[in-house]
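Data first, discussion second: the structure below is written as structure tokens.
The values are calculated or read from the model by the stated rules, or taken from the named source; none is laboratory data. Fair warning: this is a prediction, and the values are worked out from it, not measured in the lab. Note: ideal-geometry Cβ built from the backbone for every residue, glycine included; neighbour counts use all protein chains shown.
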Amino acid sequence: MSTSKYGEYGGQYVPEALMPAIEELTDAYERYVLDNEDGFIDEFRRRMREFGGRPTPLQYADQLSERYGFDVYLKREDLLHGGAHKLNNALGQVLLAKYMGKDRIIAETGAGQHGTATAMAAAHLDMPCEIYMGETDVARQRPNVFRMRLNGADVTPVTAGRGTLKEAISETMRDWAGSVEETHYVIGSVVGPHPFPAMVRDFQALISEEARDQIRDRIGRVPDSVVACAGGGSNTMGAFQHFRDDEVDLYAVEAGGSSLTLDEEEGVAPNSASLSTGTDGVLHGARTKVLQDSDGQICESHSVSAGLDYAGVGPELAHLVEEGRVRAVTVDDTATLEAFHRLSREEGIIPALESAHALAFLDRAASGDADLGDEVVVNLSGRGDKDIETVLEETDRRDLSVAPDMSLFEELGGGSL
Amino acid sequence: MSLASAFEGGPAFVPYLVAGDPDYSASLSYVEALDDGGADAIELGLPFYFEFVEELDVDASLVCMTYYNLVSRYGESTGPRPFVERAAEVGIEGFVVPDLPVEEAGPLRDACDEFGLDLAFIVAPTTTDDRLQLIRERVSGYVYVQARLGTTGAREDISAQTGHSLERLDGWEIPKAVGFGIGSGDQAERVVQAGADGVIVGSALVEIVGEGIETDAPTTEVSSRLAGKVRELKAGALAGGSSTNRNEHGRTDPTLER
């Protein structure tokens, strides 16, 4: 049996019409994922090798290690097919849907990373796929919309509310409530009702399974700490899972945005730091830490990184923070941009803005905010090509010492990219 | 007093509107228009202000329909108790919480029992027999029978779907109110003929409010449209009731229906 509660958190807060689907999925999760029935996990691992490109390397970062005075190892999930850790989950769930006999895939997407991963997985496994995406996000993530369409997925814009991730999730839930018998909903993170948080964690746990073996091969022991960014928390849980029983400090780095203070009047949180600043609530099917006002209305969250921009967080991660196993910390937008430029310039890797949060925390730790020990693994959850336009705009508004001089564009008379 | 009493005078009509849509004072008029039209109970989508309910002047029973987060977050202490206590004070008689399945409903059920309020649950076409049993043990007031899964698709077969859903609740003492996609008096009539003790209508009324916003119609005009729609639906429900053989509890006698 799998557990649906993590201390106070988790559970199954879903409409009655969905409960049978949730029970069916729980049964499938236990049989195929936990018990490897019909060789499900074997096929999952094979496809992640052949289609996904696993294992991803664990790379020693020479310049960062020298700069900070401790050894930094990067788990290169940015090298996974699709450019981020998202495929681990998307391929796992689409394959599971196939084993369950479902013939249609739906998913929500915010910035488009989960949508593109799901569209790739669905094309790979020959399943029809529909992606719900807020209309605001459709407009500002055109390349990702195009990628999904190239992979044969239908993209349905959601016009409700602000037209972003929260509304896209609600709309996907609505579709599922009317189509559960033939459709599987591929949720994008370790959020939602049980069994999603446990199942997504297990698919993403490939990250720490490999990283633990790789670091032990390299230095003969487990690291002193593991650092990962946290929005919904899927790369976080994936990076932590196989280190949970080790004496390893686990750091979940949240998006501090522009401020950690909630604007109660406007219902706006200028951050996405649910673990650090949120309160207990029920969002999208689970009890967890939520950014909300005193009446229980969910706040708008904000981050320079679209992938972390979410008002909730996975319930198991909330529990691990509550019981002290995981430390939740924050870095703000400016520190994140500096870390983005530093890795690009000094290591030759352009990181996703999500991952740049984890990197930015190294800088804070080196200046005395935390003791990460001598051997540190950082999950580089994705590549940053998708963020280049945002980075150019955001860098332009700030005075960052590490940023390159981009004035050649002006001299050439061109606008922004 | 139990919500079930709203079903005692024959087939009940239960409309739904969002409190505060599109604004506070218009919404007061709209909800009162539902009452004028003959609603027996009103499901209020309640964002967060109880003073709205205090100001309402209606005869119908009031049911609060909202997300569990708002229920559990209210007040100083955690859990649903402060919300239920306040709801009882302003005269709400019961709750429907669509994102709270019966497994997670223990704390709210306890609070409702403490303050004498009802907690209705939804039964969906997909609800399994095991779950039906759980719901039967915990439900009070009325059972909300969701007539179909999606809101789109053929509406012609609504009475067949309703009949099938109600067959599964055969022998339940509690009133059965059917909802989801019902929008006309004719449909209301057929739902009652198929054995429902009540008819719940939401989106058809929410749409009237929405049209009022789009056309910038005066509040009085929207109110009279709402009251008219309610009269149509209520008349349909009553017509369905009078054309069916009903036993003394106001429920269809299944032996006569077959």
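The set of residues in segment A:269-317 being under 30 Å from residue A:244 (Cα atoms), away from chain B (no Cβ under 14 Å) and assigned to a loop (DSSP other than H, G, I, E, B) consists of A:271, A:272, A:273, A:301, A:302, A:303, A:304, A:305, A:309, A:310, A:313, A:314.
Restricting attention to segment B:109-131, the residues being within 14 Å of chain A (Cβ to nearest Cβ), modelled with pLDDT of 95 or more and over 18 Å from the mean Cα position of the chain (by Cα) number 0.
A single entry from A:144, A:89 fulfils the requirement of being over 30 Å from residue A:402 (Cβ atoms) and of a type in the set (S, T, N, Q): A:89.
Going residue by residue through segment B:212-225, is there one that turns out to be of a type in the set (S, T, N, Q), crowded, with 18+ Cβ neighbours inside 10 Å and modelled with pLDDT of 95 or more? Looking for residues that are of a type in the set (S, T, N, Q), crowded, with 18+ Cβ neighbours inside 10 Å and modelled with pLDDT of 95 or more, one finds at least one in segment B:212-225, hence yes.
Scan segment A:86-96 and tell me whether some residue there is among the aliphatic types (A, V, I, L, M) and under 15 Å from residue A:154 (Cα atoms). Reasoning before the result, please.
Keep residues of segment A:86-96 that are among the aliphatic types (A, V, I, L, M), which gives A:87, A:90-91, A:94-96.
If we keep only those that are under 15 Å from residue A:154 (Cα atoms) as well, we get none.
No; the residues of segment A:86-96 include none that is among the aliphatic types (A, V, I, L, M) and under 15 Å from residue A:154 (Cα atoms).
Take residue A:260 and decide whether it is more than 14 Å from every other protein chain (Cβ to nearest Cβ) and either part of a strand (DSSP E or B) or in contact (Cβ under 8 Å) with a residue 60 or more places away in the chain (or both). Taking the combined requirement at face value, the residue satisfies it.
Identify, please: which residue in segment A:1-31 is in a strand (DSSP E or B) and buried (at least 17 other Cβ atoms within 10 Å of the Cβ) and is, among those, nearest to the other protein chains (Cβ to nearest Cβ)? Before the answer, list the steps.
Taking segment A:1-31 first, the residues in a strand (DSSP E or B) are A:5-6, A:9-10.
Then keep just the ones that are buried (at least 17 other Cβ atoms within 10 Å of the Cβ); that gives A:6, A:9-10.
Working: A:6: 14, A:9: 12, A:10: 10 Å.
Of everything passing the filter in segment A:1-31, A:10 is nearest to the other protein chains (Cβ to nearest Cβ).
Scanning segment B:110-133 for residues that are charged (D, E, K, R) and surrounded by fewer than 22 Cβ atoms within 10 Å (Cβ to Cβ) turns up B:110, B:113, B:114, B:129, B:130, B:131.
Inclusion of residue A:294 among residues that are more than 17 Å from residue A:234 (Cα to Cα) and more than 16 Å from the chain's Cα centre (by Cα) is warranted.
The residues in segment A:145-161 that are of a type in the set (S, T, N, Q), in contact with a helix residue (DSSP H, G or I) (Cβ under 7 Å, 6 or more places away or on another chain) and surrounded by 13 or more Cβ atoms within 10 Å (Cβ to Cβ) can be counted, and the count is 1.
Any residue at all in segment A:97-110 that's at pLDDT 95 or above, within 14 Å of chain B (Cβ to nearest Cβ), surrounded by fewer than 22 Cβ atoms within 10 Å (Cβ to Cβ) and within 25 Å of the chain's Cα centre (by Cα)? Looking for residues that are at pLDDT 95 or above, within 14 Å of chain B (Cβ to nearest Cβ), surrounded by fewer than 22 Cβ atoms within 10 Å (Cβ to Cβ) and within 25 Å of the chain's Cα centre (by Cα), one finds at least one in segment A:97-110, hence yes.
Here residue B:166 qualifies as aliphatic (A, V, I, L, M), more than 14 Å from chain A (Cβ to nearest Cβ), more than 24 Å from residue B:50 (Cβ to Cβ) and crowded, with 23+ Cβ neighbours inside 10 Å. Take the residues in segment B:143-169 that are in contact with a helix residue (DSSP H, G or I) (Cβ under 6 Å, 6 or more places away or on another chain) and in a loop (DSSP other than H, G, I, E, B); name whichever of them is modelled with the highest pLDDT. Taking the candidates together, the pick is B:147.
Considering only residues in segment A:46-61 that are without any contact (Cβ under 8 Å) to a residue 40 or more places away in the chain and crowded, with 16+ Cβ neighbours inside 10 Å, the one that is nearest to the chain's Cα centre (by Cα) turns out to be A:52. In the set A:270, A:223, only one residue is surrounded by 23 or more Cβ atoms within 10 Å (Cβ to Cβ) and in contact (Cβ under 8 Å) with a residue 24 or more places away in the chain; that residue is A:223.
Restricting the first member to segment A:375-397 and to residues that are within 16 Å of residue A:56 (Cβ to Cβ), and the second to residues that are surrounded by fewer than 20 Cβ atoms within 10 Å (Cβ to Cβ) and basic (Lys, Arg), the beta-carbon pairs closer than 8 Å and six or more apart or on different chains are A:380/A:76.
Does residue B:75 satisfy the condition of being within 14 Å of chain A (Cβ to nearest Cβ) and more than 22 Å from residue B:221 (Cβ to Cβ)? For residue B:75, the condition - within 14 Å of chain A (Cβ to nearest Cβ) and more than 22 Å from residue B:221 (Cβ to Cβ) - is met. In segment B:67-95, the qualifying residues are those that are surrounded by fewer than 24 Cβ atoms within 10 Å (Cβ to Cβ) and β-branched (Val, Ile, Thr), and the one that is nearest to the chain's Cα centre (by Cα) is B:92.
Pairing residues of segment A:167-178 that are within 13 Å of chain B (Cβ to nearest Cβ) with residues that are among the basic types (Lys, Arg) and outside any helix (DSSP H, G or I), at Cβ distances under 9 Å and at least 6 apart in sequence or on separate chains, gives A:178/B:148. Of the residues examined, residue A:172 is one that is out of contact with any His (no Cβ under 6 Å at 6 or more places or on another chain), in a helix (DSSP H, G or I) and hydroxyl-bearing (Ser, Thr, Tyr). In segment B:86-104, the residues that are facing chain A (nearest Cβ under 8 Å) form Cβ pairs under 8 Å with partners that are among the polar types (S, T, N, Q) and buried (at least 22 other Cβ atoms within 10 Å of the Cβ), at six or more places apart or across chains, as follows: B:101/A:12; B:103/A:12; B:104/A:12.
With respect to the conditions (1) farther than 28 Å from residue B:208 by Cβ; (2) touching a Gly at 6+ places or on another chain (Cβ under 8 Å); (3) more than 14 Å from every other protein chain (Cβ to nearest Cβ), residue B:82 lacks only one, and its number is (3).
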